[in-house]
1. Using only Cα atoms, what is the ratio of the radius of gyration of the range 166-283 to 2.2 N^0.38 Å?
2. Hand me the GluC sites (Glu not before Pro) from the range 1-54 located in a DSSP loop with no more than 14 other Cβ atoms within 10 Å, in residue order please.
3. So the label point goes 7 Å from the Cα of Asp146 along Cα→C-beta, right? Which residues of the range 210-244 then have their backbone N under 16 Å from it?
4. Taking the inverse of the average 1/r across all pairs of different Cα atoms in the range 39-106, what Kirkwood radius in Å do you get?
5. DSSP loop chymotrypsin sites (Phe, Trp or Tyr not before Pro) in the range 267-303 with at most 14 other Cβ atoms within 10 Å of their Cβ, which ones?
6. Averaged over all directions, how much area does the convex hull of the C-alpha atoms of the range 135-202 cover when projected, in nm²?
7. Between helix 229-265 and the chain, what is the angle of the helix's C-alpha long axis to the longest principal axis, kept within 0 to 90° and rounded to the nearest 10?
8. Over all alpha-carbon pairs of the chain, lay out the pair-distance distribution in 20 Å bins, whole %, shortest bin first.
Amino acid sequence: MSALFSDEQLMIRDMARKFAEEELLPHSEKWDETSHFPVDVIRSAAELGFASIYVKEDVGGAGLTRTDAALIFEQLSYGDVSTAAFLSIHNMASWMIDSFGSDAQRAEWLPKLTTMELIASYCLTEPGAGSDAASLKTKAVRDGDDYVITGTKQFISGAGTSDIYVLMARTSEDGAKGVSTFIIPKDTPGLSFGANERKMGWKSQPTAQVILDGVRMPAANRVGEEGHGFRFAMAGLDGGRLNIAACALGGAQLALDKAIAYAKERQQFGKSIADFQATQFKIADMETELQAARVMLYEAAGRLDGKTPDATRWCAMAKRFVTDTAFKVANDALQIHGGYGYLADYGVERIVRDLRVHQILEGTNEIMRVIISRDLLKG
(Lines give C-alpha, C1' and ligand atoms only; values in the text may rest on other atoms or scores of the structure.)
Protein backbone atom coordinates (compact mmCIF):
# COMPACT_ATOMS: atom_id res chain seq x y z
CA MET A 1 0.00 0.00 0.00
CA SER A 2 3.04 2.30 -0.16
CA ALA A 3 1.62 4.16 -3.16
CA LEU A 4 -1.25 5.42 -1.00
CA PHE A 5 1.01 7.18 1.50
CA SER A 6 3.09 10.34 1.32
CA ASP A 7 6.86 10.34 1.65
CA GLU A 8 6.46 11.78 5.15
CA GLN A 9 4.09 8.97 6.15
CA LEU A 10 6.48 6.36 4.79
CA MET A 11 9.27 7.96 6.81
CA ILE A 12 7.11 7.80 9.97
CA ARG A 13 6.25 4.17 9.23
CA ASP A 14 9.89 3.24 8.74
CA MET A 15 10.93 5.05 11.93
CA ALA A 16 8.32 3.10 13.90
CA ARG A 17 9.44 -0.19 12.34
CA LYS A 18 13.10 0.54 13.19
CA PHE A 19 12.17 1.29 16.80
CA ALA A 20 10.11 -1.91 16.98
CA GLU A 21 12.90 -4.08 15.61
CA GLU A 22 15.61 -2.55 17.80
CA GLU A 23 13.84 -1.75 21.07
CA LEU A 24 10.81 -4.06 21.29
CA LEU A 25 11.24 -7.30 19.36
CA PRO A 26 14.47 -8.44 21.05
CA HIS A 27 12.81 -8.19 24.50
CA SER A 28 9.20 -9.20 23.85
CA GLU A 29 9.63 -12.82 24.89
CA LYS A 30 11.25 -11.88 28.21
CA TRP A 31 8.70 -9.17 28.98
CA ASP A 32 5.90 -11.66 28.40
CA GLU A 33 7.57 -14.34 30.51
CA THR A 34 8.23 -12.03 33.47
CA SER A 35 5.16 -9.75 33.10
CA HIS A 36 7.54 -6.80 32.92
CA PHE A 37 6.14 -3.36 32.10
CA PRO A 38 8.92 -1.64 30.11
CA VAL A 39 8.31 1.94 31.26
CA ASP A 40 11.80 3.05 30.24
CA VAL A 41 11.25 1.79 26.69
CA ILE A 42 7.84 3.38 26.22
CA ARG A 43 9.29 6.65 27.48
CA SER A 44 11.97 6.39 24.80
CA ALA A 45 9.14 5.90 22.29
CA ALA A 46 7.78 9.25 23.49
CA GLU A 47 11.01 10.89 22.33
CA LEU A 48 9.95 9.96 18.78
CA GLY A 49 6.49 11.47 19.26
CA PHE A 50 4.73 8.13 19.71
CA ALA A 51 3.10 9.15 23.01
CA SER A 52 1.33 12.18 21.51
CA ILE A 53 0.59 11.18 17.95
CA TYR A 54 -2.59 13.21 17.46
CA VAL A 55 -2.21 15.72 20.29
CA LYS A 56 -1.91 19.31 19.04
CA GLU A 57 1.54 20.78 18.59
CA ASP A 58 1.04 23.80 20.89
CA VAL A 59 1.33 21.50 23.94
CA GLY A 60 4.12 19.34 22.56
CA GLY A 61 2.11 16.88 20.50
CA ALA A 62 3.02 15.54 17.08
CA GLY A 63 -0.22 16.78 15.50
CA LEU A 64 -0.49 13.76 13.19
CA THR A 65 -3.55 12.03 11.73
CA ARG A 66 -5.38 8.81 12.56
CA THR A 67 -3.89 7.32 9.41
CA ASP A 68 -0.42 8.18 10.71
CA ALA A 69 -1.33 6.58 14.04
CA ALA A 70 -2.43 3.36 12.35
CA LEU A 71 0.87 3.24 10.47
CA ILE A 72 2.79 3.72 13.71
CA PHE A 73 0.87 1.15 15.76
CA GLU A 74 1.00 -1.47 13.01
CA GLN A 75 4.79 -1.22 12.99
CA LEU A 76 5.25 -0.97 16.77
CA SER A 77 3.15 -4.08 17.32
CA TYR A 78 5.41 -6.01 14.95
CA GLY A 79 7.90 -5.64 17.79
CA ASP A 80 5.54 -6.24 20.71
CA VAL A 81 1.75 -6.21 20.56
CA SER A 82 1.16 -5.67 24.27
CA THR A 83 3.52 -2.69 24.62
CA ALA A 84 2.25 -1.05 21.44
CA ALA A 85 -1.32 -1.44 22.67
CA PHE A 86 -0.52 0.33 25.92
CA LEU A 87 0.92 3.25 23.98
CA SER A 88 -2.39 3.39 22.13
CA ILE A 89 -4.27 3.67 25.43
CA HIS A 90 -1.97 6.46 26.65
CA ASN A 91 -2.54 8.30 23.36
CA MET A 92 -6.31 7.94 23.69
CA ALA A 93 -6.33 9.37 27.22
CA SER A 94 -4.12 12.29 26.15
CA TRP A 95 -6.31 12.94 23.12
CA MET A 96 -9.41 13.23 25.31
CA ILE A 97 -7.79 15.94 27.41
CA ASP A 98 -6.50 17.70 24.30
CA SER A 99 -9.85 17.56 22.50
CA PHE A 100 -12.28 18.28 25.31
CA GLY A 101 -10.27 19.78 28.16
CA SER A 102 -9.98 23.46 29.02
CA ASP A 103 -6.97 25.55 28.06
CA ALA A 104 -5.80 25.30 31.68
CA GLN A 105 -6.11 21.51 31.69
CA ARG A 106 -4.29 21.20 28.38
CA ALA A 107 -1.46 23.42 29.65
CA GLU A 108 -1.22 21.59 32.98
CA TRP A 109 -1.26 17.98 31.81
CA LEU A 110 -0.36 17.58 28.16
CA PRO A 111 3.26 18.78 28.08
CA LYS A 112 4.08 16.05 30.62
CA LEU A 113 1.91 13.44 28.90
CA THR A 114 3.48 14.01 25.50
CA THR A 115 6.94 13.24 26.93
CA MET A 116 5.53 10.46 29.13
CA GLU A 117 6.94 12.16 32.19
CA LEU A 118 3.38 11.29 33.19
CA ILE A 119 1.70 8.09 32.00
CA ALA A 120 -2.08 7.98 31.53
CA SER A 121 -4.74 5.29 31.76
CA TYR A 122 -8.30 5.33 30.41
CA CYS A 123 -11.03 4.22 32.83
CA LEU A 124 -14.48 3.38 31.46
CA THR A 125 -15.20 -0.34 32.05
CA GLU A 126 -16.60 -1.52 35.39
CA PRO A 127 -17.26 -4.96 36.89
CA GLY A 128 -20.92 -4.68 35.87
CA ALA A 129 -20.58 -2.37 32.86
CA GLY A 130 -18.64 -3.80 29.93
CA SER A 131 -20.46 -3.79 26.59
CA ASP A 132 -23.23 -1.77 28.26
CA ALA A 133 -20.81 0.98 29.23
CA ALA A 134 -23.58 3.56 29.75
CA SER A 135 -24.78 1.58 32.77
CA LEU A 136 -21.65 2.44 34.76
CA LYS A 137 -22.22 2.92 38.50
CA THR A 138 -19.17 4.90 39.65
CA LYS A 139 -20.63 8.10 41.12
CA ALA A 140 -19.29 11.62 41.32
CA VAL A 141 -21.35 13.72 43.74
CA ARG A 142 -20.91 17.50 43.73
CA ASP A 143 -19.85 18.95 47.09
CA GLY A 144 -19.13 22.67 46.83
CA ASP A 145 -16.11 23.18 44.58
CA ASP A 146 -15.33 19.45 44.61
CA TYR A 147 -16.73 16.11 43.53
CA VAL A 148 -16.64 13.05 45.75
CA ILE A 149 -16.14 9.96 43.60
CA THR A 150 -16.86 6.39 44.63
CA GLY A 151 -16.78 3.21 42.55
CA THR A 152 -14.61 0.60 40.86
CA LYS A 153 -13.16 0.39 37.36
CA GLN A 154 -12.23 -2.97 35.87
CA PHE A 155 -9.57 -4.17 33.40
CA ILE A 156 -7.60 -0.92 33.49
CA SER A 157 -4.31 -1.09 31.62
CA GLY A 158 -1.51 0.61 33.56
CA ALA A 159 -3.47 0.61 36.82
CA GLY A 160 -1.12 1.22 39.73
CA THR A 161 1.70 2.42 37.49
CA SER A 162 0.09 5.22 35.50
CA ASP A 163 0.29 8.71 36.95
CA ILE A 164 -3.15 9.95 35.92
CA TYR A 165 -6.51 8.29 35.22
CA VAL A 166 -8.95 9.75 32.70
CA LEU A 167 -12.10 8.40 34.27
CA MET A 168 -15.81 8.36 33.47
CA ALA A 169 -18.22 8.68 36.43
CA ARG A 170 -21.93 9.24 36.86
CA THR A 171 -22.97 12.77 37.85
CA SER A 172 -26.70 12.18 37.34
CA GLU A 173 -29.09 9.28 36.74
CA ASP A 174 -29.82 10.35 33.16
CA GLY A 175 -28.31 7.29 31.47
CA ALA A 176 -25.54 8.05 28.99
CA LYS A 177 -26.27 11.77 29.42
CA GLY A 178 -25.45 11.52 33.12
CA VAL A 179 -21.77 10.61 32.69
CA SER A 180 -18.88 13.06 33.14
CA THR A 181 -15.12 12.79 32.67
CA PHE A 182 -12.46 13.50 35.31
CA ILE A 183 -8.66 13.66 35.47
CA ILE A 184 -7.53 11.89 38.65
CA PRO A 185 -3.86 11.88 39.75
CA LYS A 186 -2.44 8.66 41.18
CA ASP A 187 -1.58 10.12 44.59
CA THR A 188 -5.14 11.29 45.32
CA PRO A 189 -6.35 10.12 48.77
CA GLY A 190 -8.96 7.39 48.47
CA LEU A 191 -7.60 6.06 45.17
CA SER A 192 -6.23 2.50 45.27
CA PHE A 193 -5.63 -0.43 42.95
CA GLY A 194 -6.45 -4.10 42.92
CA ALA A 195 -3.96 -6.90 42.43
CA ASN A 196 -2.57 -7.36 38.93
CA GLU A 197 -4.82 -9.67 36.93
CA ARG A 198 -3.46 -13.01 35.78
CA LYS A 199 -4.02 -12.85 32.02
CA MET A 200 -3.82 -15.01 28.92
CA GLY A 201 -1.90 -12.32 27.04
CA TRP A 202 -0.87 -8.65 27.13
CA LYS A 203 1.51 -9.59 29.91
CA SER A 204 3.96 -6.73 29.38
CA GLN A 205 1.47 -4.27 30.85
CA PRO A 206 -0.25 -4.35 34.24
CA THR A 207 -4.03 -4.70 34.35
CA ALA A 208 -5.98 -4.16 37.57
CA GLN A 209 -9.00 -2.57 39.17
CA VAL A 210 -9.00 1.15 39.93
CA ILE A 211 -10.85 1.63 43.22
CA LEU A 212 -12.25 5.00 44.33
CA ASP A 213 -13.37 5.31 47.93
CA GLY A 214 -14.63 8.82 48.54
CA VAL A 215 -12.01 10.39 46.26
CA ARG A 216 -12.33 14.17 46.54
CA MET A 217 -11.55 15.86 43.25
CA PRO A 218 -11.74 19.60 42.46
CA ALA A 219 -14.32 20.53 39.85
CA ALA A 220 -11.39 21.99 37.91
CA ASN A 221 -10.43 18.36 37.15
CA ARG A 222 -13.69 17.71 35.34
CA VAL A 223 -13.16 17.59 31.57
CA GLY A 224 -15.82 19.57 29.72
CA GLU A 225 -19.35 20.06 30.95
CA GLU A 226 -21.28 17.73 33.21
CA GLY A 227 -23.06 15.00 31.28
CA HIS A 228 -20.76 15.10 28.25
CA GLY A 229 -18.39 12.37 29.40
CA PHE A 230 -20.01 9.43 27.64
CA ARG A 231 -19.91 11.29 24.35
CA PHE A 232 -16.21 12.02 24.91
CA ALA A 233 -15.56 8.36 25.69
CA MET A 234 -17.36 7.16 22.58
CA ALA A 235 -15.54 9.69 20.39
CA GLY A 236 -12.24 8.36 21.71
CA LEU A 237 -13.24 4.79 20.95
CA ASP A 238 -13.44 5.35 17.18
CA GLY A 239 -9.72 6.05 17.05
CA GLY A 240 -8.98 3.52 19.78
CA ARG A 241 -10.62 0.80 17.70
CA LEU A 242 -8.42 1.65 14.74
CA ASN A 243 -5.32 1.55 16.92
CA ILE A 244 -6.24 -1.83 18.38
CA ALA A 245 -6.91 -3.13 14.86
CA ALA A 246 -3.52 -1.79 13.74
CA CYS A 247 -1.82 -3.52 16.66
CA ALA A 248 -3.53 -6.78 15.72
CA LEU A 249 -2.41 -6.36 12.12
CA GLY A 250 1.23 -5.84 13.06
CA GLY A 251 1.26 -8.87 15.33
CA ALA A 252 -0.34 -11.04 12.65
CA GLN A 253 2.22 -9.86 10.09
CA LEU A 254 5.02 -11.02 12.39
CA ALA A 255 3.27 -14.39 12.79
CA LEU A 256 2.97 -14.75 9.01
CA ASP A 257 6.64 -13.85 8.50
CA LYS A 258 7.62 -16.44 11.11
CA ALA A 259 5.42 -19.07 9.43
CA ILE A 260 6.97 -18.45 6.00
CA ALA A 261 10.50 -18.69 7.38
CA TYR A 262 9.66 -21.86 9.32
CA ALA A 263 7.93 -23.51 6.32
CA LYS A 264 11.07 -23.06 4.24
CA GLU A 265 13.28 -24.61 6.92
CA ARG A 266 11.14 -27.44 8.29
CA GLN A 267 11.77 -30.77 6.55
CA GLN A 268 9.20 -33.57 6.40
CA PHE A 269 8.96 -36.52 4.03
CA GLY A 270 12.24 -35.53 2.43
CA LYS A 271 11.39 -31.91 1.55
CA SER A 272 10.50 -28.60 3.16
CA ILE A 273 6.88 -28.21 4.17
CA ALA A 274 6.80 -25.08 1.97
CA ASP A 275 6.88 -27.48 -1.02
CA PHE A 276 3.51 -28.98 -0.05
CA GLN A 277 0.49 -27.42 -1.71
CA ALA A 278 -1.50 -27.47 1.53
CA THR A 279 1.11 -25.18 3.13
CA GLN A 280 1.35 -22.99 0.03
CA PHE A 281 -2.43 -22.47 -0.11
CA LYS A 282 -2.62 -21.68 3.60
CA ILE A 283 0.15 -19.07 3.30
CA ALA A 284 -1.51 -17.61 0.19
CA ASP A 285 -4.80 -17.22 2.08
CA MET A 286 -3.05 -15.71 5.10
CA GLU A 287 -1.37 -13.06 2.95
CA THR A 288 -4.56 -12.29 1.03
CA GLU A 289 -6.62 -11.93 4.18
CA LEU A 290 -4.04 -9.71 5.88
CA GLN A 291 -3.83 -7.42 2.87
CA ALA A 292 -7.62 -7.16 2.72
CA ALA A 293 -7.63 -6.26 6.42
CA ARG A 294 -4.92 -3.67 5.83
CA VAL A 295 -6.95 -2.00 3.07
CA MET A 296 -10.02 -1.84 5.31
CA LEU A 297 -8.04 -0.40 8.22
CA TYR A 298 -6.58 2.47 6.22
CA GLU A 299 -9.87 3.18 4.47
CA ALA A 300 -11.51 3.55 7.90
CA ALA A 301 -8.64 5.73 9.15
CA GLY A 302 -9.04 7.99 6.13
CA ARG A 303 -12.74 8.37 6.81
CA LEU A 304 -12.12 9.21 10.47
CA ASP A 305 -9.54 11.81 9.41
CA GLY A 306 -12.04 13.18 6.90
CA LYS A 307 -14.84 13.22 9.52
CA THR A 308 -17.22 11.49 7.10
CA PRO A 309 -20.74 10.73 8.39
CA ASP A 310 -20.07 7.00 8.21
CA ALA A 311 -16.70 7.10 9.99
CA THR A 312 -17.96 5.41 13.17
CA ARG A 313 -19.42 2.53 11.15
CA TRP A 314 -16.19 2.13 9.22
CA CYS A 315 -14.15 2.13 12.42
CA ALA A 316 -16.40 -0.60 13.80
CA MET A 317 -16.15 -2.61 10.57
CA ALA A 318 -12.38 -2.28 10.53
CA LYS A 319 -12.04 -3.25 14.17
CA ARG A 320 -14.26 -6.32 13.70
CA PHE A 321 -12.72 -7.51 10.43
CA VAL A 322 -9.07 -6.76 11.16
CA THR A 323 -8.99 -8.26 14.66
CA ASP A 324 -10.85 -11.41 13.58
CA THR A 325 -8.60 -11.79 10.56
CA ALA A 326 -5.40 -11.14 12.50
CA PHE A 327 -6.26 -13.74 15.12
CA LYS A 328 -7.04 -16.31 12.41
CA VAL A 329 -3.76 -15.61 10.63
CA ALA A 330 -1.77 -15.90 13.86
CA ASN A 331 -3.55 -19.15 14.71
CA ASP A 332 -2.82 -20.50 11.21
CA ALA A 333 0.83 -19.52 11.68
CA LEU A 334 0.89 -21.60 14.85
CA GLN A 335 -0.63 -24.52 12.92
CA ILE A 336 2.09 -24.32 10.28
CA HIS A 337 4.66 -24.59 13.06
CA GLY A 338 2.95 -27.75 14.29
CA GLY A 339 3.97 -28.82 17.78
CA TYR A 340 6.79 -26.28 17.81
CA GLY A 341 4.25 -23.48 17.48
CA TYR A 342 2.93 -24.46 20.89
CA LEU A 343 6.33 -23.76 22.45
CA ALA A 344 7.24 -20.32 23.77
CA ASP A 345 10.65 -20.47 22.06
CA TYR A 346 9.14 -19.79 18.62
CA GLY A 347 7.19 -16.71 19.65
CA VAL A 348 3.99 -17.59 17.78
CA GLU A 349 1.92 -18.74 20.74
CA ARG A 350 2.59 -15.38 22.42
CA ILE A 351 1.15 -13.56 19.41
CA VAL A 352 -1.93 -15.79 19.46
CA ARG A 353 -2.43 -15.07 23.16
CA ASP A 354 -1.91 -11.34 22.74
CA LEU A 355 -4.23 -10.99 19.74
CA ARG A 356 -7.16 -12.84 21.29
CA VAL A 357 -8.11 -9.90 23.51
CA HIS A 358 -8.27 -7.55 20.52
CA GLN A 359 -11.55 -9.22 19.58
CA ILE A 360 -12.93 -8.19 22.99
CA LEU A 361 -11.64 -4.78 24.09
CA GLU A 362 -12.60 -1.35 22.77
CA GLY A 363 -16.03 -2.95 22.28
CA THR A 364 -16.44 -6.65 21.58
CA ASN A 365 -16.73 -7.71 17.97
CA GLU A 366 -20.36 -8.57 18.67
CA ILE A 367 -20.93 -4.93 19.68
CA MET A 368 -19.16 -3.86 16.48
CA ARG A 369 -21.84 -5.77 14.57
CA VAL A 370 -24.51 -3.90 16.54
CA ILE A 371 -22.94 -0.55 15.61
CA ILE A 372 -22.61 -1.52 11.93
CA SER A 373 -26.14 -2.88 11.55
CA ARG A 374 -27.71 -0.03 13.50
CA ASP A 375 -26.08 2.52 11.19
CA LEU A 376 -27.13 0.64 8.06
CA LEU A 377 -30.74 0.18 9.19
CA LYS A 378 -31.39 3.63 10.68
CA GLY A 379 -34.01 5.94 9.24
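1. Numbers: Rg = 23.7 Å, N = 118, 2.2 N^0.38 = 13.5 Å.
This ratio for the range 166-283 stands at 1.76.
2. Numbers: sites: Glu8, Glu21, Glu22, Glu23, Glu29, Glu33, Glu47; in loops: Glu47.
Here the sparse-neighbourhood loop sites are Glu47.
3. 212-222
4. Details: mean 1/r = 0.0824 Å⁻¹.
Evaluated over the range 39-106, this radius sits at 12.1 Å.
5. Phe269, Phe276
6. Working: hull surface 22.1 nm².
That works out to 5.5 nm².
7. Helix 229-265 and the main axis of the chain meet at about 20 degrees.
8. 29, 57, 13, 1
The values are calculated or read from the model by the stated rules, or taken from the named source; none is laboratory data. This one's a predicted model, so the numbers in the text were calculated from it and none came from an experiment. FYI the Cβ positions are ideal-geometry reconstructions off the backbone, even for glycines, and counts take in every protein chain you see. The protein model used for the area step is the full one, side chains on, heavy atoms only, and it has no ligands, DNA or RNA in it. Shrake-Rupley method; radii C 1.70, N 1.55, O 1.52, S 1.80 Å.
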